[in-house]
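S.K.: This is the structure I want to talk about, given as structure tokens.
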Amino acid sequence: MSVNSKTSVPYFQQLQQQFAAHIRDPQNTVYAPEGERTIEPRRLAAYQELFFNNVEGFFSQIFPVCSAILGEARWLEILREYMVKHSAHTPLFHELGQEFLLFLDAEYEPKESDPDFLLELAHYEWVELALSVSTERDFEGGEKISKDELNWDKPYQLSPVAWPLAYEWPVHRLSSAYQPKQTPEEPTTLLVYRYLDAGDAVDTVPEEKVDFIELAPLLYQFLIELETAPSAQEAFEDVAKPYEIPIDQLKTFAEQTLQELVSLNILRPAS
């Protein structure tokens, strides 16, 4: 394949496009421009290796459990498939994790040996990075209440850096040693949140970290309802309707977790 100088695309752009296509898929795309502009094979191989290793190193940091479960050979195959098929639409390096999720959702062709939970696991692993770099802030400087001041008659709001998430698979437990083959009957509902860790030492600089709380499905639905409900009481009544249990018993069950969220500054009265 050679560059056609008669095409309407400028010659230097033809070279760029052909070079990029070869870097993405060196096994199936030939890079052979005419004249002196060709790159010697040794340098071309170095470019290929450098580019692929950068992608592999970055994605392996974001998705360590995915790569461990798939194994090195299959993980590298999927990354090559991503490079060949997916055109990322962001210039920001930290947003490439989301591009990989788009690829897994729409372009990736699974093998029979690939786990059915791969997309959900990848999303769960990506959330940590997404929360870490989010420009949203928590409730710093706002009204804080003690865990004993939970008032069901008030409307409440979640911190912008606390995300309720629901999955079919137990994504927080998956590992090389634990890979269920059947979808569990009950969903996995989590609250993943960012917080400021001051550490134990007096002179320690506070550091932002990401953690999660496993929620009962009832509490997950309650936190979702809180976004629009006029009060915590009404939000809880809405989600408690399908349960044939007295509302006061359900509230007793939920209150401990809600008080924990308040004490962690994840939940507070709405402004």
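The values are calculated or read from the model by the stated rules, or taken from the named source; none is laboratory data. Quantities reported herein were computed from a predicted structural model and do not represent experimental measurements. With ideal geometry, Cβ positions are generated from the backbone for all residues, glycine too; neighbour counts draw on all protein chains shown.
S.K.: For the list (1) at pLDDT 90 or above; (2) more than 30 Å from A235 (Cα to Cα); (3) within 18 Å of the chain's Cα centre (by Cα), I need the number of the one condition that P110 fails.
M.R.: With (1) at pLDDT 90 or above; (2) more than 30 Å from A235 (Cα to Cα); (3) within 18 Å of the chain's Cα centre (by Cα) applied to P110, the lone miss is (3).
S.K.: If you check L223 against the conditions, is it surrounded by 13 or more Cβ atoms within 10 Å (Cβ to Cβ) and closer than 30 Å to G71 by Cα?
M.R.: Values: surrounded by 13 or more Cβ atoms within 10 Å (Cβ to Cβ): yes; closer than 30 Å to G71 by Cα: no.
Against the criterion (surrounded by 13 or more Cβ atoms within 10 Å (Cβ to Cβ) and closer than 30 Å to G71 by Cα), L223 does not qualify.
S.K.: Restrict the check to the range 117-135 and report whether at least one residue is surrounded by 14 or more Cβ atoms within 10 Å (Cβ to Cβ), over 22 Å from Y220 (Cβ atoms), free of Cβ contacts under 8 Å to residues at least 40 places away in the same chain and not assigned by TED's automatic domain parsing to the domain that holds L250.
M.R.: No - not one qualifying residue is present in the range 117-135.
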